[in-house]
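Before any comments, here is the structure.
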Amino acid sequence: MKTATDTHVSPAPTSDPVRVTLVIGSNRTGRFGSVIAEWLLGRMREHDDFEVDVVDVAEADLPTTFEPTPEAKARLAEITPKLAAAEAFVVLTPEYNHSYPAALKNLIDWHFHEWRAKPVALVSYGGLSGGLRAAEHLRQVFAELHATTVRDTVSFHNAHASFDDTGHLKDPTAPNTAAKAMLTQLAWWGRSLREAKERRPYGT
């Protein structure tokens, strides 16, 4: 017969909002990502489960040599705390020549522990492929960094034609539905991994 001391009571799940950082993955002059980022931030901020922050590779300007110059250290002092504090990520990437931009890879490679045991949702844009090849490449990268990519994505095929001159979607029905499904999965993974790490630190 079990006594009171034999019964293990698991800690109650936390209900605080999941801290999500949106990573805007292009620094190309004239990029269209800023338009999509504004739409995406609107969807994220409507989600009751999230507390949102932003890291923009266009503002990072990190050297590809990984030399810790004073300029690089100053940039990292702004960027790294946002990535470290995040419990989940949304990565917005275009597709350039069948993959994601060098500036995004550089930002990812400057960090390691900041991605570990955290979920990553992928939003892509491009021509006919909608950036999906870039998104699939990123899955491999984040798997190596011990991050978990959520299954559902949002992709914009011929992205420029999907938005009007004011930056609003011409037909938001399908993108909004896809975003809702993806963000719901991200919230589940964010909370689940938070609770798992509260019980046992990752890797132990």
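Once the Cα atoms of helix 173-199 and of the chain are each reduced to a long axis, what angle between those two axes, in degrees from 0 to 90 to the nearest 10, is obtained?
Computed tilt is about 40 degrees.
Within region 17-176, what percent of beta bridges assigned by DSSP are antiparallel, to the nearest 5?
Approximately 10 percent, going by the DSSP bridge assignments.
Can you tell me which lysines have their Cα less than 19 Å from the Cα of residue 73? Leave out same-chain residues fewer than eight positions away.
Within reach: 82, 105.
Amide H neighbours of residue 127 under 5 Å, counting only residues 5+ apart in sequence or on other chains, H built in-plane at 1.01 Å?
158
For 64, 149, 80, 29, which order do you get if you count the other beta carbons within 10 Å of each Cβ and list the fewest first?
The fewest-first ordering by Cβ neighbours comes to 29, 64, 80, 149.
Find the centroid of the Cα atoms in region 97-152 and in region 158-179, then give the distance between the two in whole Å.
22 Å
Over the chain, calculate the relative contact order: mean separation of alpha carbon pairs under 8 Å at least 6 apart, over the residue count, as a percent.
Relative contact order of the chain: 21 percent.
Given the -39500 (n - 2.57) contribution per DSSP H run of 4+ residues, what per-residue ellipticity at 222 nm results for the chain, rounded to the nearest 500 deg cm²/dmol?
Dividing the helical sum by the residues of the chain leaves -13000 deg cm²/dmol.
Could you state the angle between the C-alpha long axis of helix 70-85 and the longest principal axis of the C-alpha atoms of the chain, as a value from 0 to 90 degrees rounded to the nearest 10?
So the inclination is approximately 50 degrees.
Against the longest alpha carbon principal axis of the chain, how many degrees, from 0 to 90 and to the nearest 10, is the axis of helix 33-46 turned?
Roughly 30 degrees, rounded to the nearest 10.
No value in this document is a laboratory result; all are computed from the given coordinates. Computed from a prediction, not measured in an experiment: that's the story for all the values here. Glycine also receives a Cβ, built like all others from the backbone with ideal geometry; neighbour counts cover every protein chain displayed.
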